[in-house]
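**Student:** Before I ask anything, here is the structure I am working with.
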Amino acid sequence: MGRTREAGCVAAGVVIGAGACYCVYRLTWGRDESGKIWNDDNEDEEEESSDIAETGKGAKANAGAGAGARVQGDSKAKAEVGVELKSGPDVKAEAHLKAQSGGGLEAKAKALFSILKEQASARAGRGARLSTISGTRMLAPGLPCPGIRGGGCHPVRNGARAGGRASSKSKGRTRGKSTRTPTTTTSWSVRRGKFNFPYKIDDVLGTNDLQKVLNILERSNDPFTQEVALVTLGNNAAYSFNQNAIRELGGLPIIAKLIKTKDPIIREKAYNALNNLSVNVENQGKIKTYIIQVCDDTMICRLDSAVQMAGLRLLTNMTVTNHYQHLLSYSFPDLFALLFLGNYFTKVQIMKLIINFTENPAMTRELVSCKVPSELISLFNKEWDREILLNILTLFENINDNIKNEGLASSRKEFSRSSLFFLFKESGVCVKKIKALANHSDLVVKVKVLKVLTKL
């Protein structure tokens, strides 16, 4: 029964009881009006309330409230009013009224009505405590792993069971509220689904167990099962012996197939697993097949999203060596645009990716000829922290060195005014900005600035 319905039943009982009391007063007033003297000095009122809510796997609520008032006068004047309400599958209300005399009952009836009304208001405020269980599953934190935001073992419910034992007052003693504290969970949620996964996601598995997980991932269409399997594989891919095992078991195509899904959470977990696997050079040779698709998805997905960050980390790992950098040269304008638009973490990750390209002299011409937003110069502002400044100074230093080594300074006419070459080399704005950083408060930044200025 809902809270509104429960409160309505309580209020109805209160009205019935008060009405009955007033009717008795009207009927008995004339009969006992003469010769009756009421002694109001001896009044005793008792109030007892109990409210016990039990929670279980089904949503069940039982609430009980009892209120009684007894007014005592002389030996011939007695009035008892009792109202009892019980809520459950059926709603029953019983009112018992006894009165033997009147005279002054009007004030007493009004006082009783006021008391019952206050109790009903308090009861309605608390409401019936229903057992509810959140339907969102979460994965508990566990073994840390590069590129994996989640960890932990079996999923736990998001939120504690509401209710427990409700606080109540009984004979001067107070019962404390008993509730289960919600389990701390990670920031990424998992869809609803029947959890029937044979391993914890932070278990270090052997070859046979990895084969079972890959079979589950390949055959299952349930997003929940796919996500748990991907996180399990990603955590195991943090270990070098399992990087080889997953490749030899044919796991790379199975994982890579899921980067085509429209579900952003599944794509993120697939990128994280491939990111850990890409640390292995032999695995990179297999992953290169999917690098263009990863790059395209990273550029068009939601800005600063978890999917975008996971894709950038995978691209950064894949461009540590020079073998596959040429596959991503078409994306330079998009990377610089994203560098300007992204938040702090996106900026840092993209600069790490671009620095990988600047360390390969063969990529210099394509890099400096791409169009970049002029606002990129704002990254040389002293208000940025150390990591941003060191990365942008390293990027500028590498490009400046490559321009000299490749002899591109004499080919300045090839580059447009919106190119990276013009922004870094010809405009002179970057040099002014870098000189302004010479007095930076951070000693590491100051040393880096002096190193760059000596090469100009």
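The values are calculated or read from the model by the stated rules, or taken from the named source; none is laboratory data. Just so it is clear, the model here is predicted, and its values are computed rather than measured. FYI the Cβ positions are ideal-geometry reconstructions off the backbone, even for glycines, and counts take in every protein chain you see. Note: accessible area is taken over every heavy atom of the protein model, side chains too, but ligands, DNA and RNA are not part of it. Shrake-Rupley method; radii C 1.70, N 1.55, O 1.52, S 1.80 Å.
**Student:** Taking the Cα centre of each part, how many Å lie between the range 287-331 and the range 423-438?
**Tutor:** Spelled out, the Cα-based centre of one part sits 30 Å from the other.
**Student:** Next question. Sorted by average packing, counted as other Cβ atoms within 10 angstrom per residue and highest first, what order do 416-427, 305-316 take?
**Tutor:** Details: 416-427: 17.7, 305-316: 23.0.
Per-residue Cβ counts within 10 Å, averaged per peptide and sorted highest first, yield 305-316, 416-427.
**Student:** Using each residue's phi in the range 289-301, evaluate 6.51 cos²θ - 1.76 cosθ + 1.60 at θ = phi - 60° and report the 3J(HN,Hα) Karplus result to the nearest Hz, with x for Gly and Pro.
**Tutor:** 4, 9, 5, 5, 5, 5, 5, 4, 5, 5, 6, 9, 6
**Student:** Convert each backbone phi in the range 451-456 into a coupling constant with the Karplus relation 6.51 cos²θ - 1.76 cosθ + 1.60 (shift: θ = phi - 60°), then list the ³J(HN,Hα) values in order as whole Hz, x for Gly and Pro.
**Tutor:** Using θ = phi - 60°, the values come out as 5, 5, 5, 5, 8, 6 Hz.
**Student:** Provide the gained length on full extension for the span S378 to N405, in nm with one decimal, where the gain is 0.36 nm per separating residue minus the Cα-Cα distance.
**Tutor:** Here the segment from S378 to N405 would lengthen by 7.0 nm.
**Student:** Let me ask something else. How far apart, in nm, are two points set 7 Å out from the Cα along the Cα-to-Cβ line at V279 and at N343?
**Tutor:** Once both label points are built, they end up 2.6 nm from each other.
**Student:** For R386 and L453, FRET efficiency with R0 = 25 Å and r from the beta-carbon atoms, rounded to 0.05? Please list the in-between numbers first.
**Tutor:** Numbers: r = 18 Å, r/R0 = 0.72.
With a Förster radius of 25 Å, E is 0.90.
**Student:** Another question, if that's okay. State in Å² the accessible area per residue of the range 331-455; use a 1.4 Å probe, count heavy atoms of protein chains only, and round to the nearest integer.
**Tutor:** Values: 5960 Å² over 125 residues.
Ligands and nucleic acids excluded, the figure is 48 Å² per residue.
**Student:** Quick check: residue separation of K432 and V204 times 0.36 nm, minus the Cα distance between them. What number comes out in nm?
**Tutor:** 76.8 nm
**Student:** So if we plug the beta-carbon distance of D442 and N244 into 1/(1 + (r/R0)^6) with R0 = 41 Å, what FRET efficiency do we get, rounded to 0.05? Can you show the working numbers first?
**Tutor:** Numbers: r = 42 Å, r/R0 = 1.03.
It comes to 0.45.
**Student:** Please arrange H440, H323 by accessible surface area, largest first, computed with a 1.4 Å probe and ligands excluded.
**Tutor:** H323, H440
**Student:** Next up: Can you send over the solvent-accessible area of V14, 1.4 Å probe, protein chains only, in Å² to the nearest 10?
**Tutor:** Rounded to the nearest 10, that gives 20 Å².
**Student:** For the range 217-299, what % of the accessible area comes from carbon and sulfur atoms, probe 1.4 Å?
**Tutor:** The value for the range 217-299 is 51 percent carbon and sulfur by accessible area.
**Student:** Points 7 angstrom from Cα along the Cβ direction at L327 and Q293: gap in nanometres?
**Tutor:** So the two model labels end up 1.2 nm from each other.
**Student:** With an 8 Å Cα cut-off and a minimum separation of 6 or more residues, compute the relative contact order for the range 298-456 in percent.
**Tutor:** Once divided by the residue count of the range 298-456, the mean separation gives 20 percent.
**Student:** For the range 198-318, with the dipole built from +1 on Lys and Arg beta-carbon atoms and -1 on Asp and Glu ones, taken about the Cα centre, which of L274, Y290, L315 lies farthest toward the positive end?
**Tutor:** Highest projection toward the positive end goes to Y290.
**Student:** By the gyration tensor of its Cα atoms, with a ≥ b ≥ c the square roots of the eigenvalues, what is the shape of the range 318-396: rounded for a/c under 1.5, prolate for a/b over b/c, or oblate?
**Tutor:** Prolate is the answer for the range 318-396, as a/c is 1.5 or above and a/b outweighs b/c.
**Student:** Let me ask something additional. Computed FRET efficiency, Cβ-Cβ of S416 and I300, R0 25 Å: what is it to the nearest 0.05?
**Tutor:** 0.50
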